[in-house]
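Input: a single structure, listed below in structure tokens.
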Amino acid sequence: MAEAPATVIVIDDDPGVREALGNLLRSVGLQANLYGSVPEFLKAGRPKGPTCLVLDVRLPGQGGLDFQSELSKAGLRLPIIFITGHGDIPMSVRAMKGGAIEFMTKPFRDQDLLDAIQLGLDRDRAQREQENAVALLRTRFDSLTQREREVMAFVVTGRLNKQIAGEIGISEVTVKVHRGNVMRKMEAASLADLVLMAQRLKISSEKS
């Protein structure tokens, strides 16, 4: 399935800056969505493909740093590059501690911005791939019966079939059947593969 195109979101209340950044991004083949404020962006929604946000620190209403904090609290990982004409060290420290890709003071070199954007898009692409992979594993895990989930949780801790049988009160033969079903449904090539899947799904025998 083809990946949705990468998009750079620019939020800056200066129309001239927005247009200049839009032209720069389009000149290197990047899709640019331009907004004058945070509410405008929120109304439009996040694009489907890899995304990077170029965000002015000072905006009407909600400022860039406050929006960064809001995204973090909501658990939304969106790569952010801050741009500002009036930056200071405390601002940059707060931005970088919040996970920003870069904090750039106007005027900045076009290539420096493009390099930072590429880094942001690469990070978002990797994050999306990871989320999609975990979602696929979750779908497979959801196809397991409750007993198969119990068996899987014990298998990934290294317990033998005989030990698992004693733990949950079923025969060793039945454990073998459930174990085979788990490997097949999870599409695990080996025990090590299954252990990695469990780690990504944060599965433990205690939770089961």
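Of note:
- Selection status of residue 137, touching a Leu at 6+ places or on another chain (Cβ under 6 Å) and touching a residue at least 24 places away in the same chain (Cβ under 8 Å): yes
- Among (1) at pLDDT 90 or above; (2) surrounded by 16 or more Cβ atoms within 10 Å (Cβ to Cβ), the one test that residue 93 misses: (2)
- Some residue of region 15-31 being under 21 Å from the mean Cα position of the chain (by Cα) and without any contact (Cβ under 8 Å) to a residue 60 or more places away in the chain: yes
- A count restricted to region 38-58 and to residues that are more than 21 Å from the chain's Cα centre (by Cα), surrounded by fewer than 17 Cβ atoms within 10 Å (Cβ to Cβ) and not basic (Lys, Arg) stands at 2.
- Helices (runs of 4 or more DSSP H) enclosed by region 92-208 - at least 1 residues per element that are under 30 Å from residue 52 (Cα atoms) and in contact with a helix residue (DSSP H, G or I) (Cβ under 6 Å, 6 or more places away or on another chain): 110-142, 191-201
- Taken together, 187, 148 contain a single residue that is closer than 27 Å to residue 133 by Cα, without any contact (Cβ under 8 Å) to a residue 40 or more places away in the chain and either loosely packed, with under 13 Cβ neighbours inside 10 Å or not hydrophobic (A, V, I, L, M, F, W, C) (or both), which is 148.
The values are calculated or read from the model by the stated rules, or taken from the named source; none is laboratory data. Values in this document were obtained by computation on a predicted structure and should not be read as measured data. Heads up, the Cβs are rebuilt from the backbone with ideal geometry, glycines too, and the neighbour counts pull from every protein chain shown.
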